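Q: One structure, as structure tokens, below. Some questions next.
The values are calculated or read from the model by the stated rules, or taken from the named source; none is laboratory data. Because the structure is a prediction, the values reported are computed rather than measured. Reconstructed Cβ throughout: ideal geometry from the backbone, glycine too, with neighbour counts over all protein chains shown. What goes into the accessible areas is simple: the full protein's heavy atoms, side chains included, and nothing from ligands, DNA or RNA. Shrake-Rupley method; radii C 1.70, N 1.55, O 1.52, S 1.80 Å.
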Amino acid sequence: MDQKNTIKGVILVALGASSFGMLASFVKLAYQSGYTTVEVTLSQVLLGLIGVFLINFFRKKNPTQAKASAKDRRNLILGGTTMGFTSVLYYLSVSYIDASIAVVLLMQSVWIGVVMESILTKKFPSIIKIVAVAMVLFGTLLATNVLQSQITLDIRGVVFGLLAALSFATTMLCSNIIATQLAAPQRSLFMLCGATIVVAIFTFVAQVGPNNFDFMRDFYSNFTNDMSSIRDFNWSIFYKWGIILALFGTILPPLFLTMGFPYTGVGLGSIISSLELPVSVSVAYFVLQEKVIALQWLGILLILTAILLMNSNLIFAKKDR
């Protein structure tokens, strides 16, 4: 793969990760407005699906572009379910443990992605890649201020957090290998269909079921600490926060990731995706006025340094031309 395409892939994955990072602050604002996890997740996915459908409908068709076969559509929808599982599992994790711990668990997708690539390519990761992963994980601990926080762990939250990391790494893998001959908007559309199916099932279990079936109410009350979603669905979420949540949660990230990962590969792409955390902390600092201590800025610097380290050969190669 030539360096020009790799640089293009790095930029695209970085944009996708940054969009996810910005999303966190908007989700927090939606929560502060009284909306629940179910309302936030469903509005985000449904409006995102509509948005990507419109992009596909109005985009200029390339007559030479490959068309999706039935197998491509099926595989992309199946691969897209991992996007839905990531959101659901991460939100479940947060209901049991502190958000800072949940983020650290989610960031395990960095080394999981590197391991996945190593297994697929049957090649041991390079020393630079291993060092970069270690820097990202340590930087994550600092950026989330876990080391100076009182940690309360619930095994259920830990399990859901690790499953979310595995699901997110699988999403990146799917973006890298499934139907890469298709246009990115088309691939994103089918993957979002899969994500919507998962979120719709979650919505029924968490919202519709407990409100209509006693046995599901009892099950849900034992399954999660968050009982606030057992009330009438507040449809105003769709026009108050849904559009911006969909834009930064389910429209821009899948488009950028499906365009970028085929150029970067899972290993490099997983490390670049860690940019999500420093963007999230920075946006929270400027938008939500959340306190960020010097140790957290040091963690952000470590993550950015790891990303630069992974791309140093591309940067210097470009300068030498």
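Q: Sorted by average packing, counted as other Cβ atoms within 10 angstrom per residue and highest first, what order do 298-310, 255-267 take?
A: In decreasing order of mean packing, 298-310, 255-267 become 255-267, 298-310.
Q: For region 1-93, build the charge dipole from Cβ charges (+1 Lys, Arg; -1 Asp, Glu) around the Cα centre, then report which of Gly48, Ala24, Gly9 sits farthest towards its positive end.
A: Sorting the options by dipole projection puts first Gly9.
Q: Still on this structure, I have one more. With runs of 4+ DSSP H residues as the only contributors, calculate the mean residue ellipticity of the chain at 222 nm using -39,500 (n - 2.57) per run, divided by the residue total and rounded to the nearest 500.
A: -24000 deg cm²/dmol
Q: What nm value, rounded to one decimal, do you get for the distance between Leu54 and Trp235 when each label is placed 7 Å out toward the C-beta?
A: About 1.9 nm, to one decimal.
Q: For region 295-301, in order, what is each residue's ³J(HN,Hα) by Karplus, 6.51 cos²θ - 1.76 cosθ + 1.60 with θ = phi - 60°, in whole Hz (x at glycine and Pro)?
A: Result, rounded to whole Hz: 4, 5, 5, 5, x, 4, 4.
Q: Which of the three applies to region 1-100, rounded, prolate or oblate, going by the alpha-carbon gyration tensor with a ≥ b ≥ c and a/c under 1.5 meaning rounded?
A: Prolate shape, in that a/c is at least 1.5 and a/b is the bigger ratio.
Q: Under a Cβ-only charge scheme (Lys and Arg +1, Asp and Glu -1), can you give me the dipole magnitude of the chain about the Cα centre, in debye to the nearest 20?
A: The dipole magnitude comes to about 1300 debye.
Q: To the nearest 10 Å², what's Lys4's accessible area with a 1.4 Å probe?
A: Solvent-accessible area, nearest 10 Å²: 150 Å².
Q: HN-Hα J couplings of region 22-37 from phi, Karplus 6.51/-1.76/1.60, θ = phi - 60°, integer Hz, Gly and Pro as x?
A: Result, ordered by residue: 5, 4, 4, 5, 5, 5, 4, 5, 5, 5, 5, 7, x, 7, 9, 4 Hz.
Q: Okay, next question. Give me the one-decimal nm value for the distance between modelled label points at Lys123 and Ala70, 7 Å along each residue's Cα-to-Cβ direction.
A: About 3.7 nm, to one decimal.
Q: Tell me, what is the percent relative contact order of the chain, built from C-alpha pairs under 8 Å that lie six or more residues apart?
A: 42 percent
Q: Ignoring ligands, DNA and RNA, how do Met135, Met191 rank by accessible area with a 1.4 Å probe, largest first?
A: From most accessible down to least: Met135, Met191.
Q: Treating only the Cβ of Lys, Arg, Asp and Glu as charged (+1, +1, -1, -1), what charge dipole size does region 1-87 show about its Cα centre? Round to the nearest 20 debye.
A: It comes to approximately 440 debye.
Q: Could I ask something else about it? Please sort 7-19, 278-290 by packing, taking for each peptide the average over its residues of neighbouring beta carbons within 10 angstrom, highest first.
A: 7-19, 278-290
Q: Strictly over 24 Å apart at the Cα level, which of Lys4/Lys129; Lys67/Lys123; Lys8/Lys291; Lys67/Lys129; Lys4/Lys71; Lys240/Lys291 would you flag in this model?
A: Too far apart for the 24 Å limit: Lys67/Lys123; Lys8/Lys291; Lys67/Lys129; Lys4/Lys71; Lys240/Lys291.
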